Each structure stands twice: as C-alpha cells, then as structure tokens.
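What follows is one structure encoded as structure tokens, with my remarks underneath.
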Amino acid sequence: MVALAPAGYNRPELFLVTSVRRDGGEAVKALVLTAYNVLAIQEVPTPVPGEGEVLVKVRACGICGSDVHGLDGSTGRRIPPLIMGHEAAGEVAAVGPGVRSVAVGEAVTFDSTVWCGECVDCRRGRVNLCEKRQVLGVACAEFRRDGAFAEYVVVPERIIVRMPPGLSFLEATLAEPLAVAVHAVNRLGEVLGKSVAVIGTGIIGLLAVQVLKVAGCRRILAVDRDQSRLSLASKLGATDLFLVENSSELEEIANKVVERTDGGTDLAIEAVGLPETVVAAVKVVRKGGVVALVGNLRPEVPLPLQVVVTREITLRGSYASRGEYQLAVDLLASRKVAAMPLISAVAPLEEGPQWFEWLRSGKLGLLKVILEP
C-alpha cells in the first residue's frame, strides 16, 4: 500500500474545515463535484437522519471507477453539484425514529443500492432491480442522492451491515465491490470444479478471482493489459495469465485461451465493458458456456451473434448485488478474500481532487484509492 503521495506532489493546505451554521448546527466538509471535471472541498449542512435512517460518521471511502468515469458527465450518472462516494465504512453517529438494528458508536458499512422494499422486484428479492432504486453518490435524471465523500452521510437502516471485530474501516470499504463480484460469480451458476476466464483484472476482476478460488474453481484464467495486475491476480488465485499488449490482440488471446483449455473455458466474467473485451469473453467459452457481463464502460457494444447462437452461449447481465453484502463482509473479516493488496493509497479527503486526477490519467497504475474524512 502506498503510504505517501507520488514523488513531486506537494500536499495542498487543508481548507474549508468545519464552521458554525446560522441555525447553530455544525457544518461539515465534503468533497463536492461542483461542475463537470471540478472537485472541491466545501462546507455542507450536517445531514439529519429521518424515519428508518442512520447517520454515519464516515471513516473511509473508496474511489470507484464509476466515480472517475462520471467526472466529465459522459455517463449521465454524476450530475453536479453532487457528493460522490459509495464504498464506505464508519461509525453510527445518530439514528432516526424506528431504527432498532444498530446503535450509536457501532462500526458499520453499507451497500450502495437504496431499494424501496415495496415494488414487484423487491418483493421477489431482486432488490438490485428495484423500480425506485437509488445509488449513493449518484445523480441522474431519475434521482439525486449524495454519497460518502464527506464527514457524515445518511443511509437507510436496511442497507447497513455491522462490521465484525477485527475488520478495519479500510478493508470494509471493499465490501461493496466485493458484493458486486460475488453477485457476478453467482450469476454464472455452479462454478465448483469449472474453468473460468476473467476478462479484466481491475478491482472487480481481482475480487472475482478470489471469490472463484474460494468457491472451488478448478482453473482461473486472467486476461489483462497490465502485467502488474496479472501478477497480483496470480498471487490471489489465477492459474493462467494472458497479457494483452493492445486491444487488437484480444482475438488472438481469446484463441490462445481456447487452445490452452481444449475448446474454451466453461465460464467467463467480463469485467471491463468495452466492445473488444465483450467479444473476447464470448469467444473464450466453450459450446454451451456461460458469460457474466458486469463491466459497462460503454452503453452499447457489438455482439458476435452467430457465435452466441450457433454455440448456444448464455449471456447473463450482472448488476450491483442482491443480498450478497453480508457474505462479502464475512469473506473480508475471515481473510478468505484479501482487501489490503488491492489498496494502492490512503489519503485525506482534502487530497481527493489530485487522486481523482491520477486515477483518471492511469499513469500510476493505481488500483483502489481510499479517502479518509
């Protein structure tokens, strides 16, 4: 884990700390997307928990790739002004009326999806597909909900999970992406004794590698263009590594995977969401194979329809998580899934704008960066 900022970086002076609001309450600091591509530390009112809600003092919050991609407005999911951040953990600071499951002072983490509990999908247990769902730290045409790049955040009691003893706040920030990885693995169906290709070894891909190992996969084949991430994938459970120099090589790499597995892998997880990687995921699986699509960097990608039809490939979309959050927390607490090797840096919230810029440039090879309010 990187303890300090890269060489040559002068830490900015801390600014806009707490002050007194006119109503006598305390204002708190937050990292706010004030305009597209503009992040600033600002004073915001201390949020107040309502019925069934919990006020959490944020101790750590990870920067998600979706936050970085949303900076310029291209995703339509980060409309300013907005406090982003949905991979977080902290302490219960206050509870609203009707809250019974947690108490002030307890260490907690929480899911990113806020589901209603009343719609058809919620009643069927498909809370990730809730008709009225909101996501922490997301603002779009349908809703706006501030997130956890702040000293405090309010979340519904129903998405909170207590942290087991021994689990650090830093590790707990990985529970949300881990739940996403667990759900993607669950979308594959039975994985015990199977071979699985993981296309893309970013955070979700590296977590999926670990989940697949815990689930008893016979062979885990990792594909990425970053050698350091592939090396980490190997340490975390991948059995075969395939380095892609550029996207034009993906078809050749897919052929190599098929050759090495005598006809293709049983299953595949696509954790990027680009046209070339989706095509590669379809082509690496054997006849009758299953592909879980979790990456979504592009709203539309071409599909090799004839390959899917004639080889009877099953494609399964995988969105967020559906009840896997508690399992994710347990996997982290038991150390069956390692979080710390994925954390590249921990920095004060005030340094958020610079770390966002480094993540967006991709030049430092960062994985997970965690901000501490």
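The values are calculated or read from the model by the stated rules, or taken from the named source; none is laboratory data. Keep in mind that this is a model prediction, so the values were computed, not measured. All Cβ positions, even for glycine, are placed from backbone atoms using ideal geometry, and neighbour counts span all protein chains on display. To get the accessible areas, we keep the full protein, side chains included, count just its heavy atoms, and leave off ligands, DNA and RNA. Shrake-Rupley method; radii C 1.70, N 1.55, O 1.52, S 1.80 Å.
A few remarks follow.
- If the condition is being outside any helix (DSSP H, G or I) and either surrounded by fewer than 16 Cβ atoms within 10 Å (Cβ to Cβ) or charged (D, E, K, R) (or both), then the stretch 240-255 contributes Asp240, Leu243, Glu245, Asn246.
- Residues within the stretch 111-120 that are touching a strand residue (DSSP E or B) at 6+ places or on another chain (Cβ under 8 Å) and free of Cβ contacts under 8 Å to residues at least 60 places away in the same chain, tallied: 1
- Strands (runs of 3 or more DSSP E) wholly inside the stretch 84-158 containing at least 2 residues that are charged (D, E, K, R) and under 19 Å from Lys57 (Cα atoms): 87-95
- Checking each residue in the stretch 44-81 for being open to solvent by 50 Å² or more (accessible area, probe 1.4 Å), assigned to a loop (DSSP other than H, G, I, E, B) and more than 30 Å from Gly362 (Cβ to Cβ) picks out Val48, Glu51.
- The number of residues in the stretch 191-215 being of a type in the set (Lys, Arg), part of a helix (DSSP H, G or I) and under 18 Å from Val285 (Cβ atoms) comes to 0.
- For the residues Val223, Val258, Val214, the requirement of being touching a residue at least 40 places away in the same chain (Cβ under 8 Å) and surrounded by fewer than 24 Cβ atoms within 10 Å (Cβ to Cβ) singles out Val214.
- Qualifying residue in the stretch 265-273 (condition: surrounded by 24 or more Cβ atoms within 10 Å (Cβ to Cβ) and in a loop (DSSP other than H, G, I, E, B)): yes
- Matching option when the condition is over 25 Å from Arg133 (Cβ atoms) and surrounded by 14 or more Cβ atoms within 10 Å (Cβ to Cβ), among Glu312, Glu351, Glu324: Glu351
- Any hit, the stretch 286-303, residues being among the β-branched types (Val, Ile, Thr) and open to solvent by 80 Å² or more (accessible area, probe 1.4 Å): no
- Of everything listed in (1) open to solvent by 50 Å² or more (accessible area, probe 1.4 Å); (2) in contact (Cβ under 8 Å) with a residue 60 or more places away in the chain; (3) within 29 Å of Lys363 (Cβ to Cβ), the single unmet condition for Glu276 is (2).
- Test result for Ala184, open to solvent by less than 20 Å² (accessible area, probe 1.4 Å), of a type outside the set (Lys, Arg), closer than 26 Å to Arg100 by Cβ and assigned to a helix (DSSP H, G or I): no
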